[in-house]
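Below: the structure, in structure tokens.
The values are calculated or read from the model by the stated rules, or taken from the named source; none is laboratory data. Owing to the predicted nature of the structure, the values given are computational and were not obtained by experimental measurement. All Cβ positions, even for glycine, are placed from backbone atoms using ideal geometry, and neighbour counts span all protein chains on display. These accessible areas exclude ligands, DNA and RNA; they are computed on the full protein's heavy atoms, side chains included. Shrake-Rupley method; radii C 1.70, N 1.55, O 1.52, S 1.80 Å.
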Amino acid sequence: MTLPKLLSGIFLRGLVVLLIGIWPPKGGAHAEEFRVLAHNTEFPPYFFYQDGVATGFYQDFFDALSRITGDTFITQAHPMARGLMMFDENLVDIESGVNPAWRAGEKTLGLYTIPYAQSVDILLFARGKSLPVDAPSDLIGKRIGVVRGYQYPTFTKLFQSGAIERYDANGESQLLTMLLAGRLDQVIINKDLALYRMRENPAYRDLEPGFEVGGVDVMLRIHPNKAAALGRLNAAIKELIDSGEIEGIWDKYR
């Protein structure tokens, strides 16, 4: 073999080794596209549009996951009932912000990532209507607004017995509107959502946060057909938690 051919062969072998070492990029070996379910198009601080651009905690969260795993996450907004049906029909791959207890009765149970946050519900009172509450029983005889279909274990028996009247609204925005209009004196609502609305909208600033109803860990619910991705999603979430990045994302919207 001539010297030029020998050198050429060495160069090509070295190039192949180099390319193997740098390709694919981190997470890219298994990168794929995920259809992510958003139950509302306007659910600040979790997901909303600002000047026509999707933003909020989950937009930033999935952007961070995408950077680590190489995956693409495409959000689809649907009403709750429609979204759950689409998960069963394998028309969406991921439901975000879910606790397994909330989906225990669903046809497709799904798989769950490690927890990355807590969902906390509080009592929110209309202006001048707050009262000291140490336990749900302190609200016997009251009417409380809640989101239709949501369950609050510490209040279940009191609602079922009629000791506390449960008023079902179509969503958090309706609950807030009814508080402002004086049609309800108190509601159970997501803490992050309530405090974000109070920070951003002067109309809500006279509402009075109160008793913490309860908090649970939330996770990503993954369709079984995407089971192979669970390990790398968990690893990416852990990296975001350990680095403090996920807390930094939350702080943008608190």
Amide H contacts under 5 Å for residue 73, placed H, 5+ residues apart: 34
Carbon/sulfur fraction of accessible area - the stretch 161-240, other protein chains in place, 1.4 Å, %: 48 percent
Inter-probe distance in nm under a simple model that places probes 7 Å from Cα toward Cβ, at residue 120 and residue 225: 3.8 nm
Per residue accessible area of the stretch 119-215, 1.4 Å probe, in Å²: 51 Å²
Reported label for calculated Cα extents along the principal axes in Å given [x] 96, 40, 32; [y] 95, 33, 33; [z] 57, 49, 39: [x]
Label zone at residue 50 (point 7 Å along Cα-to-Cβ), backbone N below 20 Å, the stretch 190-213: 191-205
The stretch 119-215: relative contact order in percent, alpha carbon pairs under 8 Å with at least 6 residues between: 52 percent
Calculated P(r) tail over 19 Å for the stretch 119-215, as whole % of Cα pairs: 33 percent
Approximate spin-label separation residue 165-residue 67, in nm, with each point projected 7 Å along Cα-to-Cβ: 5.1 nm
Theoretical ellipticity at 222 nm over the chain - DSSP helices of four or more residues, -39500 (n - 2.57) apiece, nearest 500: -11000 deg cm²/dmol
Carbon plus sulfur fraction of accessible area for the stretch 46-125, probe 1.4 Å, in percent: 54 percent
Distant-in-sequence amide H partners of residue 116 (H built 1.01 Å from N, under 5 Å): 218
30 Å Cα cut-off, lysine pairs counted over the stretch 148-254 (separation 8 or more, or different chains): 5
Span-rule helices in the chain, defined as complete DSSP H runs reaching 24 Å or more along the axis (Cα) with Kyte mean at least 1.0: 3-22
